[in-house]
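S.K.: One structure, as structure tokens, below. Some questions next.
No lab work stands behind these numbers, since they all come straight from the coordinates. Just so it is clear, the structure is predicted and the values come from calculations on it, not from any experiment. Positions of Cβ are backbone-derived with ideal geometry, glycine not excepted, and every protein chain shown enters the neighbour counts.
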Amino acid sequence: MSKLHIKKGDTVYVLSGDDRGQQGRVLKVEVAKQRAIVEGVNMCVKATKPSAQHPQGGLIKKEAPIHISNLALIDPKSGKPTRIGRRKDDAGKSVRYAKKSGEVIK
């Protein structure tokens, strides 16, 4: 399995789908399914029974996974969507960088 260009905590831009143009922070990445859950994006309504967490039960809005091909990382310098490259840093460790600005992504 190859590495994904998106990690938990990244700020991403949605390229396609109903939520196109929205930005959000990645909450979780499902590597095997190549999907990510993004804060406030791809919301779905789930009916739940009353439980300890939700004593009322009822309808709860939550984020559904979105395929990572529909996401682009936000460039830390310009704040616009960019593609990701990988290169070795001074210590010989592989780091991600923004192709638009050349900025290394933490």
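S.K.: With P(r) over Cα pairs in 5 Å bins from 0, in percent in mind, check (1) 2, 12, 16, 14, 12, 10, 9, 7, 6, 4, 3, 2, 1, 1, 0, 0; (2) 2, 12, 19, 19, 17, 12, 7, 5, 4, 2, 1; (3) 2, 12, 22, 27, 22, 10, 3, 1 and report the label derived from this structure.
M.R.: (2)
S.K.: Enumerate the lysines that Lys62 could reach by cross-link, defined here as Cα to Cα under 21 Å, with residues fewer than 8 away along the same chain left out.
M.R.: Within reach: Lys7, Lys8, Lys28, Lys33, Lys46, Lys49.
S.K.: Further question on the same structure: Which of the trypsin sites (Lys or Arg not before Pro) found in region 1-102 are loop residues per DSSP with 16 or fewer other Cβ atoms within 10 Å of their Cβ? Could you put the intermediate results ahead of the total?
M.R.: Working: sites: Lys3, Lys7, Lys8, Arg20, Arg25, Lys28, Lys33, Arg35, Lys46, Lys61, Lys62, Lys77, Arg83, Arg86, Arg87, Lys88, Lys93, Arg96, Lys99, Lys100; in loops: Lys3, Lys7, Lys8, Arg20, Lys33, Lys77, Arg83, Lys93, Lys99, Lys100.
Answer in residue order: Lys3, Lys7, Lys8, Arg20, Lys33, Lys77, Arg83, Lys93, Lys99, Lys100.
S.K.: If you don't mind, another one. Out of the DSSP beta bridges found with both residues in the chain, what percent are antiparallel (nearest 5)?
M.R.: 100 percent
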